[in-house]
1. Checking the cross-link filter: which aspartates and glutamates have an alpha carbon closer than 13 Å to that of residue 109, excluding same-chain neighbours under 8 positions apart?
2. Under 18 Å Cα-Cα from residue 86, which lysines qualify once same-chain neighbours fewer than 8 residues away are excluded?
3. Answer rounded, prolate or oblate for the range 1-123, using the Cα gyration tensor with square roots of eigenvalues a ≥ b ≥ c: rounded when a/c is under 1.5, else prolate when a/b is larger than b/c, else oblate.
4. Return the long-range amide H neighbours of residue 3 (sequence gap of 5 or more, or a different chain), with a cut-off of under 5 Å between placed amide H atoms.
5. Going by the alpha-carbon gyration tensor, a ≥ b ≥ c the square roots of its eigenvalues, is the range 1-63 rounded (a/c under 1.5) or, if a/c is not under 1.5, prolate (a/b greater than b/c) versus oblate?
6. In the range 1-137, what percentage of the DSSP-assigned beta bridges are antiparallel, given to the nearest 5?
7. Given a 1.4 angstrom probe, I'd like the percentage of the accessible area of the range 1-97 that is carbon and sulfur, rounded to a whole number.
8. If you roll a 1.4 Å probe over the heavy atoms of the protein chains, what accessible area per residue do you get for the chain, in Å²?
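The values are calculated or read from the model by the stated rules, or taken from the named source; none is laboratory data. These numbers come from a predicted model, not from an experiment. In case anyone asks, the SASA skips ligands and DNA or RNA and just uses the protein heavy atoms, side chains included. Shrake-Rupley method; radii C 1.70, N 1.55, O 1.52, S 1.80 Å.
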Amino acid sequence: MSIWSGTNDFGTNVNLKNDENPDDLTTTYGAVKVSLEKLAASCPNLKIVVLLPMYRGDVKENLLGNTLADYSDVIKEAAEQVDNVKVFDMNTISGINEYNQSSYMLEDKLHPMYDSMQNGISTLGLLGERIARCLAKMN
């Protein structure tokens, strides 16, 4: 199972973590940690992959002053608390960055183009292919 997490929390200014209550579901860390723990407990043979957010060029910081990297860090930290969970950094895997974003992203600089073709493959197909390659290496 793959779970892609973080960019919506960043965009809607969700608090990163509550150090006094790590299971606080109103924070990114707590929601990810508790969700993964419940999922892993109910399906112990399930392989779970958490995809960290990929590049977005619309804003560098949210209203809380946090960056997308801050959200990636707490998601990775939460995922590492749960057995049988792997983390893939989509910021690295996607290959999308500030220099090539116009070839892959919609004008909002947030969402991938769904019908763009680069080297004969759509942007979503490209992302799927790169995720699949990482999944294949897990076995």
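1. Partners found: 58, 98.
2. Partners found: 33, 38, 47, 76, 137.
3. Numbers: a/c = 2.80, a/b = 1.45, b/c = 1.94.
In terms of gyration-tensor shape, oblate.
4. Here 49, 50, 51 satisfy the definition.
5. oblate
6. 30
7. Values: 2510 of 5180 Å².
Its accessible area is 48 percent carbon and sulfur atoms.
8. Counting only protein heavy atoms, the per-residue value for the chain is 58 Å².
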